[in-house]
Amino acid sequence: EMCIRDSLKPGLRARYYAGMGFNVLRAERIDKDLDFDWRNAAPHPKVPRDRFSARWDGYFKAPRTGVYTFFVAANDGVRLFLGDRKLIENWKNMGTSNHYATSEVRLDAGWHRIRIEHFDGMGGARLMLRIGVEGVEHPLDPATHLFHASAAKR
């Protein structure tokens, strides 16, 4: 566990695919913040504008024990996993509408595995994640709460 923490770097590991079911891996990068409104553009030069999917993997660092609220806005499909728990799922075409969902969960302070999955069918694409904690007015800053395990020395 400690060796993982030692190699954590800011941002989530992003993988972008052609096809709505993670069909053909086209691009990988680190996304520091999940706040995307691609509209009708492609999320990456190597990824198609429509009929793409993406997966973000990493760790959420809970600054303290308490109730956390995970909020997503997506067009089209979205899933959010924390550890082995699926907190949010709306895996369907939304047309021109955004899907908004929240999930509240009590977490211990420390590291929690997080995974977000997304697909876009046709037209506008959007994916946004916000995380809040009880007693704090503003959402947590992704730069200091979302991390990935770097591939550096083991």
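The values are calculated or read from the model by the stated rules, or taken from the named source; none is laboratory data. This structure is a prediction, so every number in the text was calculated from the model and none was measured. Here the Cβ is made from the backbone with ideal geometry for all residues, glycine too, and neighbour counts use every protein chain on show. Ligands, DNA and RNA are excluded from the accessible area calculation, which covers all protein heavy atoms including side chains. Shrake-Rupley method; radii C 1.70, N 1.55, O 1.52, S 1.80 Å.
Key figures
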| read-out | value |
| --- | --- |
| Those residues of segment 10-36 which are farther than 27 Å from D141 by Cβ, open to solvent by 30 Å² or more (accessible area, probe 1.4 Å) and in contact (Cβ under 8 Å) with a residue 12 or more places away in the chain, in sequence order | M20, G21, F22, N23, R26 |
| Matching residues in segment 37-65 - criterion: being surrounded by 18 or more Cβ atoms within 10 Å (Cβ to Cβ) and aromatic (F, W, Y) | F52, W56, Y59, F60 |
| Residue within segment 115-135 that is open to solvent by 30 Å² or more (accessible area, probe 1.4 Å), within 15 Å of V67 (Cα to Cα), in contact (Cβ under 8 Å) with a residue 12 or more places away in the chain and more than 17 Å from the chain's Cα centre (by Cα) present | yes |
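Let's see how each residue does on (1) charged (D, E, K, R); (2) touching a helix residue (DSSP H, G or I) at 6+ places or on another chain (Cβ under 8 Å); (3) part of a loop (DSSP other than H, G, I, E, B):
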{"residue": "R15", "(1), (2), (3)": "yes, no, no"}
{"residue": "F36", "(1), (2), (3)": "no, no, no"}
{"residue": "K61", "(1), (2), (3)": "yes, yes, no"}
{"residue": "Y68", "(1), (2), (3)": "no, no, no"}
{"residue": "K92", "(1), (2), (3)": "yes, no, yes"}
